[in-house]
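The values are calculated or read from the model by the stated rules, or taken from the named source; none is laboratory data. This one's a predicted model, so the numbers in the text were calculated from it and none came from an experiment. Here Cβ is always computed from backbone atoms with ideal geometry, including for glycine, and neighbour counts include all displayed protein chains. These area figures cover heavy atoms from the full protein model, side chains too; ligands, DNA and RNA do not enter into them. Shrake-Rupley method; radii C 1.70, N 1.55, O 1.52, S 1.80 Å.
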4 protein chains.
Amino acid sequence: MREVALAESLEVDLVGGLEFALLLQRLGGVAREALAHLARKFEVLQHRLVQRRLDQHGPQGAKSKYPSLGRINPLHLMLRTGTDAYSGVLDHRGIRAADDLVVMPLQCGTQWDGLGHIFYENNMWNGYDCREVTSFGAQKCGIEKTKAKMVGRGVFLDVARVLGKDALEDGYAITGDDLDRTTKAQGVKIRRGDYVIVRTGQMEAKLAAGNWDGYPGGDAPGFSFETLEWIHHNEIAALASDTWGCEVRPNESEPGINQPWHWIVIPIMGLTMGEIFYVAELSEDCAEDKTYEFMFVAPAIPITGAVGSPTNPLAIK
Amino acid sequence: MREVALAESLEVDLVGGLEFALLLQRLGGVAREALAHLARKFEVLQHRLVQRRLDQHGPQGAKSKYPSLGRINPLHLMLRTGTDAYSGVLDHRGIRAADDLVVMPLQCGTQWDGLGHIFYENNMWNGYDCREVTSFGAQKCGIEKTKAKMVGRGVFLDVARVLGKDALEDGYAITGDDLDRTTKAQGVKIRRGDYVIVRTGQMEAKLAAGNWDGYPGGDAPGFSFETLEWIHHNEIAALASDTWGCEVRPNESEPGINQPWHWIVIPIMGLTMGEIFYVAELSEDCAEDKTYEFMFVAPAIPITGAVGSPTNPLAIK
Amino acid sequence: MREVALAESLEVDLVGGLEFALLLQRLGGVAREALAHLARKFEVLQHRLVQRRLDQHGPQGAKSKYPSLGRINPLHLMLRTGTDAYSGVLDHRGIRAADDLVVMPLQCGTQWDGLGHIFYENNMWNGYDCREVTSFGAQKCGIEKTKAKMVGRGVFLDVARVLGKDALEDGYAITGDDLDRTTKAQGVKIRRGDYVIVRTGQMEAKLAAGNWDGYPGGDAPGFSFETLEWIHHNEIAALASDTWGCEVRPNESEPGINQPWHWIVIPIMGLTMGEIFYVAELSEDCAEDKTYEFMFVAPAIPITGAVGSPTNPLAIK
Amino acid sequence: MREVALAESLEVDLVGGLEFALLLQRLGGVAREALAHLARKFEVLQHRLVQRRLDQHGPQGAKSKYPSLGRINPLHLMLRTGTDAYSGVLDHRGIRAADDLVVMPLQCGTQWDGLGHIFYENNMWNGYDCREVTSFGAQKCGIEKTKAKMVGRGVFLDVARVLGKDALEDGYAITGDDLDRTTKAQGVKIRRGDYVIVRTGQMEAKLAAGNWDGYPGGDAPGFSFETLEWIHHNEIAALASDTWGCEVRPNESEPGINQPWHWIVIPIMGLTMGEIFYVAELSEDCAEDKTYEFMFVAPAIPITGAVGSPTNPLAIK
């Protein structure tokens, strides 16, 4: 493998044996034979929807109208390093290895909101008592329950593009009509059990500005309260977007109610929600091939009793 | 959705909207239509290979001949709880929500060893200087490079079962012949770019004993040094097993060399390795349907500069 | 300073300029002049009562009848290292520096229990509602309230020595009479506002055994329930011991009540309690000079809203 | 005790038994009798020099010319809460208790720089090789070596006040003459082995502005390079100030050298340095009683192998 790798080493930071999977994918026919259960263009699309990055350059800590206490960017700490190896201090163990650890809020980047994340009065999804979520974690509705389930048909709804915008403005409330208009314009149908990913363009606007201020807990375009009806009618499996909180901010709710859409969608409807999804590349790709459906795989990291989880979602055409 | 959920609520802790994906999968025809790009029996198999659990019941901290300093089980900590909600202390924020954080070594459970994890003398994979892995993380070969690549054809090699054992004994060195014998017995072929998962049965033996002592850094069955030839010849994408460190322990190496197979497979061959994979259910399933290949999806959590990552691998038939 | 340091460098790991403070103390007359407000033998005693060590060799994680979930030994992690410096990767910052971080339960070693640590029914000390202690910390009775107060007259009661034991046996319930018998035998009087430190010998027994099993949350000698009367009568400022939880285990309380002494001493009496104090050297010293009183300084680390704090207590004669 | 406490409970958040120490101190004669080894006015001064606070309102994360990677404000996390108690979920353990944990860089607040913190080329204090400070911590010069030594005569030098300023301007380089002028104006002498605390007023200026921007790693008044001569001549035990890094920024050093004073004072002179000391109250007190010397007690939290430590320093007159 080494030769292959070195041959390309000036251009890219290779991934070793994984290159063979990549090469296969470039080989078309061989890819189709070897990976017959994956649709065509696997090689193009598999990298189109992913966790952008998890590090100190993430959105947490940026200026916010509604700071989420305790949510920091991931703190990546080394337990052993290559500099230790170089310094000879690891050799007594008979191997030169690096090792690491992370201190990470489970909702600091691309992530799933679990069903234990939001309560309606004293209950969570399925009528469980909110006291099931203690300092020891969620005894009910823990994210680990989803660990084998985040796989299905994915549908991408590029609302910003269909509405002719680079990004929807803060406060723009996406309606069920906007979503239906988008499916029609894209020529795709929503089916029961789909994983639906919606683009507002807000994240790309923040990335272009080089500043996350206002993104975590600030004003944003997003789902209007009435989309609850659309979600219920379409019986989708999960819903994700490229904003910090999916729903529109500010919202039309009465004083003292924050994120009213969350109050219903998680504890009452039991919808697993994805936030901070990076969809820029997926948007380009779907516009190019006019194909807005794909296989969607986004497994949670099943920390027992967690109310959320980072995920690295894949859209596979 | 609620009605559906409540209907089954006495039996299981439901996952809300995700149930529709699950129901679809049970519906056969609809599943095939909705998820045509997934092979039959998706509903049976998608949950057969997963991160078992990430919590204080994990293997870290158990008795070990070779303790890995700093590797603790995940420490799951709550930032807000349902008990806070019940106590009324969250209402001033206008929403009742739980939130959480984890302190987690990146290789404490089912995980990928990144290419920055092991050094050969002063180099890592692709000839990079080990000093690229500092206290600030891996400037080269960080796990984030793999984030869109952990997808392909998976092949399961149930070596323990083919050799007629519940579990291979500690110190048993799996050879290339054992692997070939297993593929023949199973009637499956290894192809270039495959993701190969090997079962020794050791994890199931520890789980049956109810005690992880000896698992992290202890004696174990695993790959012999000569399997390096088999790996190179077969040009596989990645290799995983159900033990703590994949290779046989103790090994045949000369004094002062620990995990000699690691010295070659990661920095010289550039193989991304999976460890602590839970394969009990996959083993049962493959024995039943005699199908040892499947779509394999196991994305890393792309923490920038990480040398390893937890993953929740899925085997999809 | 260097010369002085190097002169002794073969013998000890010096502390640089601090040596001068140490030398002063050895100089007798100069010490008395420079530190006139410190009593004689400062140089002998100032190091006789200290936090023993905070690292992975601490008592947390040992076998226990009553595991305290989430209490790990301190996890000390480096942000930058000397090996980074040696490897030249820090030079772009214009300085070669090491830096570090700790993940530490606040009650994992020698520590103070704050007044927000224990609740009686729904109240804490001073009648505050227990809901003042949320996931955001203690809004009332936080340890920071004590930050300037942990200074006063210290009295050491070497109960084990007076009762002629190396260590009191597990389950031995220390009574008020034992405490009075000890003060008489030692020729010291308890005064209002004193900081009283009691020795059972249990920690020394565990250290001698080289194994902490049974120490965190296990059986132990300690204060009987009736010592509450002694504490109230003597109006002491704080009470500390060398065990994990100060009170006797098992205790005489009715089923379903754990650590009954804690139920009263913290939320009802408002006593700040010290645990896991290392008193072996103090015991030797007091036995030698027959002086059981000293200046006591043990400041908490004032983390806002904390319910406990590590401390490095000093007994200064 | 309860009665006493409740009597004052409308005014202050009491500290329970510690009140007795406090009351004693207010009682003058009794205090002198009970705490004869503490000088007069103990009750006034003991709380005049302390760690201000350790929480998310600290200086870390503020805008900086020179960000110190990985230094966050303390992250205080609860392991159990009063809201858990109120919700009844703790009762199965037979006690209602709160418990907590901190994730804290060791130099994020009022702290000591240890002798392993800075390297000169490849060496630290006492000529030790910098490779003694690895990912496992400092094998030499760890902060735990100081655990019984941070006690002595303290001298406060209120340079800002003597120079007639509220705060010295950023970039003002304090000279040995400034320090001598201050001792003369204050009528205090520096003695061998003293702990010297210097006030620039910068921290108070930032607190008054309500914004830490520029404090961590930004421009600041502080010690000029030539004060090294003053420090060496006076043979002091330790030196502390109210800024982030003690030395003047920007400094007069040649390009590519950052914090040149640190390069010498720690690895060459072996001086333990205190930073981010809160001295506002001490300044007022000393101005009032014209007494600039006191007993100084500032024990480090002896985390084994640490290169720094938080401390809660006390000035006791």
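Data for the structure
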{"item": "The range D:100-118, residues that are farther than 13 Å from C:VAL102 by Cβ, within 22 Å of the chain's Cα centre (by Cα) and at the interface with another protein chain (Cβ under 7 Å from one of its Cβ atoms)", "result": "D:LEU115, D:GLY116, D:HIS117, D:ILE118"}
{"item": "Single match in D:THR182, D:THR134 (criterion: touching a helix residue (DSSP H, G or I) at 6+ places or on another chain (Cβ under 6 Å) and within 14 Å of another protein chain (Cβ to nearest Cβ))", "result": "D:THR134"}
{"item": "Residues of the range B:270-317 satisfying the condition of being more than 7 Å from chain A (Cβ to nearest Cβ), out of contact with any helix residue (DSSP H, G or I) (no Cβ under 9 Å at 6 or more places or on another chain) and β-branched (Val, Ile, Thr)", "result": "B:THR311"}
{"item": "Residues that are within 26 Å of B:LEU75 (Cβ to Cβ) and either assigned to a strand (DSSP E or B) or among the β-branched types (Val, Ile, Thr) (or both), drawn from the range A:284-309", "result": "A:ILE301, A:ILE303, A:THR304, A:VAL307, A:GLY308, A:SER309"}
{"item": "Selection count where residues are facing chain D (nearest Cβ under 9 Å) and touching a residue at least 60 places away in the same chain (Cβ under 8 Å), scope the range C:64-91", "result": "3"}
{"item": "Residues that are assigned to a helix (DSSP H, G or I) and buried (at least 24 other Cβ atoms within 10 Å of the Cβ), drawn from the range C:263-274", "result": "C:VAL265"}
{"item": "Any hit, the range C:158-174, residues being in contact with a Phe, Trp or Tyr (Cβ under 7 Å, 6 or more places away or on another chain), more than 9 Å from every other protein chain (Cβ to nearest Cβ) and among the small types (Gly, Ala, Ser)", "result": "no"}
{"item": "Residues satisfying the stated conditions in the range C:65-87, i.e. part of a loop (DSSP other than H, G, I, E, B) and either aliphatic (A, V, I, L, M) or touching a helix residue (DSSP H, G or I) at 6+ places or on another chain (Cβ under 7 Å) (or both)", "result": "C:LEU69, C:ILE72, C:THR81, C:SER87"}
{"item": "Residue in the range C:275-283 that is within 20 Å of D:ARG96 (Cβ to Cβ) and either in a loop (DSSP other than H, G, I, E, B) or at pLDDT 95 or above (or both) present", "result": "yes"}
{"item": "Residue list for the range D:248-262, restricted to those being open to solvent by 10 Å² or more (accessible area, probe 1.4 Å), in contact with a strand residue (DSSP E or B) (Cβ under 8 Å, 6 or more places away or on another chain) and within 11 Å of chain C (Cβ to nearest Cβ)", "result": "D:ASN251, D:GLN259, D:PRO260"}
{"item": "Residues of the range C:285-301 classified as touching a residue at least 12 places away in the same chain (Cβ under 8 Å) and open to solvent by 10 Å² or more (accessible area, probe 1.4 Å), total", "result": "6"}
{"item": "Which numbered condition C:GLY201 misses (of (1) at positive phi; (2) open to solvent by 20 Å² or more (accessible area, probe 1.4 Å))", "result": "(2)"}
{"item": "In the range D:112-141, residue surrounded by the fewest Cβ atoms within 10 Å (Cβ to Cβ) [restricted to those that are under 27 Å from D:GLN56 (Cα atoms) and touching a Ser or Thr at 6+ places or on another chain (Cβ under 6 Å)]", "result": "D:SER135"}
{"item": "The one condition in (1) open to solvent by less than 20 Å² (accessible area, probe 1.4 Å); (2) at positive phi that B:GLY164 fails to fulfil", "result": "(1)"}
{"item": "Search result, residues across the range D:204-247 that are touching a strand residue (DSSP E or B) at 6+ places or on another chain (Cβ under 9 Å), open to solvent by 10 Å² or more (accessible area, probe 1.4 Å), within 14 Å of chain C (Cβ to nearest Cβ) and not aromatic (Phe, Trp, Tyr)", "result": "D:ASN234"}
{"item": "Odd one out for D:ARG131, checked against (1) touching a Lys or Arg at 6+ places or on another chain (Cβ under 9 Å); (2) farther than 30 Å from C:HIS117 by Cβ", "result": "(1)"}
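Let's see how each residue does on (1) aromatic (Phe, Trp, Tyr); (2) farther than 26 Å from D:ASP55 by Cα; (3) under 24 Å from the mean Cα position of the chain (by Cα); (4) assigned to a loop (DSSP other than H, G, I, E, B):
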site	(1), (2), (3), (4)
C:VAL89	no, yes, no, yes
C:HIS92	no, yes, no, no
C:ARG131	no, no, no, no
C:LYS140	no, no, yes, yes
C:ALA148	no, no, yes, yes
C:ARG153	no, yes, yes, no
